[in-house]
Amino acid sequence: MISSERMAMVDRNAAALGVSTKQLMESSGNAVARAVRERAAPGDRVLLICGRGNNGGDAMVAARFLDEFEVETFLLGRPGTIRTDIARENWDTLVESDLPSRTVTDSREFDLDEYGPDLVVDAMLGTGVTGALREPEAAVARRLNAADVSVVAVDVPSGVDADTGTAAGIAVDADAVVTFHDDKPGLADLDADVTVADIGIPDAAETLVGPGDLLALGRDADSHKGDNGEVLVVGGGPYTGAPALAARAALRAGADLVRVACPEPVAREIQGYGPDLIVRSFDGDHLAPRHVDDLLDRAADQDTVVFGPGLGSDDATLDAVAEFLAGYDGRAVVDADALQVVPEVETDAELICTPHQGELLRMGGETADDWRERADLVTAFAGDLGHTVLVKGRYDVISDGTDTRIGRTGNPGMTVGGTGDVLAGVTGALAAQVESPLQAAALAAWANGRAGDAAADEFGDGLAASDLPDRIPQALRDEGE
């Protein structure tokens, strides 16, 4: 089962893998044609009602494969307002092929009785559209529901939310639905026969992180400071570069505000890495249990905490990490030495753990040379742990124990120290912006690797971790846009 948002990502990832939208629409149209043949007899009158998006395009393709029927295609709106190139191309093909078609720009022009169909294909709106139907779609839906005619819906009945099965107003009461690739959550409660058609989307489009995953991101034009994420980085003491790299990466990954909590002796040095960082120190030269209450107060106002970069492994520090996680109930990215305490801590926090393979072993997990075998091991470990795990490597493995993604960006030059701190910061920023921890971690792994690849193009294996943060914004843009 797949949500409408995830389905849009998978479509885009399939295109990036070389399976074009045109190929997918041809397959979808064939699936619609098969559904019509199962419910209509040769010679029946079949009316295809098409919207101006790809849902309508699927039905336009179907019209070309229904020679044994008396078929007519209605386009709701003017051809010049068709929203996608591929749907427009298929409309033009219909017109040039002299197949019966007409446009409906006013709901009063839609007379179902005049046409007298034996079966209607509802392809007005697809899974990506929510909210109440507008005109002329609403009027068409009312007339379809009032008529004694069989209706086959494409992907989802128009007006029905594919994720919830509910409708904000009038919706088409379909007798059958042909949906694509995988079932949709909202179809289960419909009083309709649902068919899931395989349209040739490869499994890799779901498993491999790709440009489609960027659809999870979006910045509201009316947003204000803080709306796009506030991140607290807790780190430093033995090391100063690590928390600074994580904080800078969080800013470059879109967080509005990034604060750093660190031991007082290194605060000034960390501040020197950038004027955009808000640095607040605590006493002593390393994190200790006496600092935990103050850190919990600071973390309460943040969207995400990045815990671990540069903290070190002093016994008192690890005790403080455990005490913090036990008392925290928000979202946190745990990295570096702080990872080793996670398996022993009972916490209400939602954690994203970012170990390399050595740290994974120290946490009690297992690894393997083959990335597919490693993916199975990480999935099992994440399920036992009860948190999302991002295991860094040539192939990054990201799992919450149920779903697992693979990141294939990055290069051997990224074995240099500090790139993991950058990843932790990017993960923290995206976890503040994206609802799903798995999705945030997958995007972070992909973007961190792309930034590393861009740095390698310039510096080769001599890249430094400090080269990555400034390349994160471009890494989070879709090259196909």
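The values are calculated or read from the model by the stated rules, or taken from the named source; none is laboratory data. These figures come from a predicted structure and were not determined experimentally. FYI the Cβ positions are ideal-geometry reconstructions off the backbone, even for glycines, and counts take in every protein chain you see. SASA here: full protein model, heavy atoms, side chains in, ligands and nucleic acids out. Shrake-Rupley method; radii C 1.70, N 1.55, O 1.52, S 1.80 Å.
Near ALA246, once Lys and Arg are set to +1 and Asp and Glu to -1 for all other residues with Cβ below 13 Å from its Cβ, the sum equals +1.
Over the chain, give the accessible area per residue in Å² for a 1.4 Å probe, as an integer. Working shown, then result.
Details: 20220 Å² over 481 residues.
Computed with neighbouring chains in place, this is 42 Å² per residue.
Mind putting a number on the dipole of the chain about its Cα centre? Charges go on the C-beta only, +1 for Lys and Arg and -1 for Asp and Glu, and I need it in Debye to the nearest 20.
Value, rounded to 20: 1020 debye.
Between SER3 and GLU458, the simple spin-label model (points 7 angstrom out along Cα→Cβ) gives 3.6 nm.
Region 20-86 and region 357-414 have Cα centres spaced 43 Å apart.
Residue separation of SER20 and GLU96 scaled by 0.36 nm, minus their Cα-Cα distance, works out to 25.1 nm of gained length.
Quote the Stokes-Einstein diffusion coefficient, in whole µm² s⁻¹, for region 333-448, based on the Kirkwood radius over alpha carbon pairs, a temperature of 25 °C and a viscosity of 0.890 mPa s.
On the way: Rh = 13.8 Å.
Translational D for this selection: 178 µm²/s.
For region 152-267, go through all pairs of different Cα atoms, get the mean of 1/r, take its inverse, and jot down that Kirkwood value in Å.
Working: mean 1/r = 0.0537 Å⁻¹.
By the Kirkwood definition, the hydrodynamic radius is 18.6 Å.
Comparing ALA375, PRO412, LEU463 along the charge dipole axis of region 361-481, the residue lying farthest to the positive side is ALA375, per the Cβ-charge model. Taken about its Cα centre, region 388-481 carries a charge dipole of about 240 debye when Lys and Arg each add +1 at the Cβ and Asp and Glu each add -1 at the Cβ.
Shown here: the chain, whose C-alpha atoms stretch 84, 42, 40 Å along the first, second and third principal axes, sorted largest to smallest. From most to least packed by mean Cβ count within 10 Å, the peptides 447-455, 75-83, 55-63 give 55-63, 447-455, 75-83.
Over all alpha-carbon pairs in region 57-179, figure out the percentage whose distance exceeds 23 Å. All intermediate terms of the calculation are to be shown ahead of the outcome.
Values: 2032 of 7503 pairs.
In whole percent, the long-distance tail amounts to 27.
Annotation for region 181-209 versus region 94-114: alpha-carbon center distance of 30 Å. Summing Cβ point charges (Lys, Arg +1; Asp, Glu -1) relative to the Cα centre of region 138-259 gives a dipole of roughly 920 debye.
Run the helix sum for the chain: -39,500 (n - 2.57) per DSSP H stretch of 4+ residues, divided by residue count, reported at 222 nm to the nearest 500 deg cm²/dmol.
Working: 16 runs with 175 residues, N = 481.
After summing the helix terms and dividing by residue count, I get -11000 deg cm²/dmol.
Quick one: net charge around ALA123, please, counting Lys, Arg +1 and Asp, Glu -1 for every other residue with C-beta under 10 Å from its C-beta.
Values: positive: none; negative: ASP58, ASP122, ASP155.
Neighbourhood net charge equals -3.
Rounded to the nearest percent, how much of the accessible area of region 175-260 (1.4 Å probe, protein heavy atoms only) is carbon and sulfur? The C+S portion of the solvent-accessible surface of region 175-260 is 42 percent. Under a 5 Å amide H cut-off, with hydrogens placed 1.01 Å from N, GLU350 pairs with GLY330, ARG331, ALA332 among residues at least 5 apart or on other chains.
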